[in-house]
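Since the structure comes first, as structure tokens, the remarks are kept for the end.
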Amino acid sequence: MRMCRCVNLILMRKCIFLALFCVNTLFGLDVFVGKTTIITLEQIDLDAPVYLEDMQIFSQPNPKNKKEQLLLIAIDYKSKLGEQTIRYMYNKSPREIRLHVRDVAYKSEKLQVIPDKVSPPKKYQDIIYEEYKEAMDIYKLSTPNLYWSEPFVYPLESQTTSDFGNARVFNGSLKSYHSGIDFKAAIATPVKASNDGIVVLAKERYYAGGSVIIDHGFGVYSCYFHLSDFAKKVGDAVKRGEIIGLSGQSGRVTGPHLHFAFKIRGTSTDPLDFIKKINALVANK
Ligand SMILES: [Zn+2]
């Protein structure tokens, strides 16, 4: 089946079925809010845009097989459930992949932090907005360089204390969902880069505290928050496993830990799910 090799077996079966009838719409890929979907395509016009609904997304080379393009798609946590369509071109003909967006039973957790970190004083509101805008501007950029080629690693070896996707009730009011995972980490534990990339942010921020963001290329970013110290600065090239800073308890925290997150073109995705899926494609190849 050369038309499309997907990570989802259900879709693969349907691809085969549909290909027999020369249909260029592929049906039935179940995807989940907050999770990553990776689709491998051998046939795609690289000079034509790819869309998920109205949003332009980008394919990137598979570092272990240059004949293949990968679509890395983060399904937004708040995405509407039901059908969504990916549209791309091959031999100047339109092709479609239909996704079924499914819900996930994420948990809820209650946290107590200092009141200023829930309802920030007016004097910090401009700073918070500027920090938010700065980060969003970074995440939206899709650098056309594939900086990495080996599997992703965890930033430190420790147990996780809060999963991705938990609805978060700060001091009794629902404020957000958890857009990364937390690793238990004593203050000043070395934090490693998850993969090769370029540091695009290294600074203190109001909520995230000491923050490092690494661009891995094609809109994929890893984030390391609440650090107590930085080992890298903006513009530095980092290698997988290289120390980028020390963990801490800066920003909106209940205690020392490392918040680790991934963004794919501005959409948060479960880091453990992302690493598991991308590594399944590139490990031991
Ligand atoms: Zn966190």
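Coordinate-derived values only; no laboratory data. Here the structure is a predicted model, which means the values were calculated and not measured. Glycine gets a Cβ as well: all are built from the backbone with ideal geometry, and neighbour counts include every protein chain shown.
Taking the Cα centre of the chain as reference, the dipole from Cβ charges on Lys and Arg (+1) and Asp and Glu (-1) amounts to some 440 debye.
The amide H of residue 189, built 1.01 Å from its N in the peptide plane, has 247 as neighbours under 5 Å, considering only residues 5 or more places off or on other chains.
Of the residues 219, 251, 34, the one that moves most in a GNM of the chain with alpha-carbon contacts below 10 Å is 251.
Placing dummy labels 7 Å off each Cα toward the beta-carbon, the span from residue 119 to residue 233 is 4.1 nm. Just how far, in whole angstrom, is the range 210-285 from the range 55-112 if you go by their alpha carbon centroids? Comparing the Cα centres of the range 55-112 and the range 210-285, I get a distance of 21 Å. Is there a pair in 123/263; 184/276; 122/175 whose C-alpha atoms are over 24 Å apart, and which pairs would that be? From 123/263; 184/276; 122/175, over 24 Å: 123/263.
Percent relative contact order of the range 108-282, based on C-alpha pairs within less than 8 angstrom and at least six residues apart? It would help to have the intermediate numbers written out before the result.
Working: 428 pairs, mean separation 45.0, N = 175.
Normalised by residue count, the contact order of the range 108-282 is 26 percent.
For the range 69-124, the ratio of Cα radius of gyration to the globular rule of thumb 2.2 N^0.38 Å stands at 1.97. With the helix formula -39500 (n - 2.57) applied to DSSP H stretches of n ≥ 4, the chain reaches a computed 222 nm mean residue ellipticity of -5000 deg cm²/dmol.
In µm²/s, what is D for the chain at 10 °C and 1.306 mPa s, where D = kT/(6 pi eta Rh) by Stokes-Einstein and Rh is the Kirkwood radius from Cα pairs? Walk me through the numbers on the way to the answer.
Numbers: Rh = 19.9 Å.
Once the numbers are plugged in, D ends up at 80 µm²/s.
Longer than 19 Å from Cα to Cα, which of 192/233; 64/192; 78/107 are they? Say none if no pair is. Violating the 19 Å Cα-Cα cut-off are 64/192.
The Rg/Rh ratio of the range 217-285, with both radii computed over alpha carbons and Rh defined as the Kirkwood radius, is 1.00. Counting 0.36 nm for each residue step from residue 161 to residue 102 and taking away their Cα separation leaves a gain of 18.7 nm.
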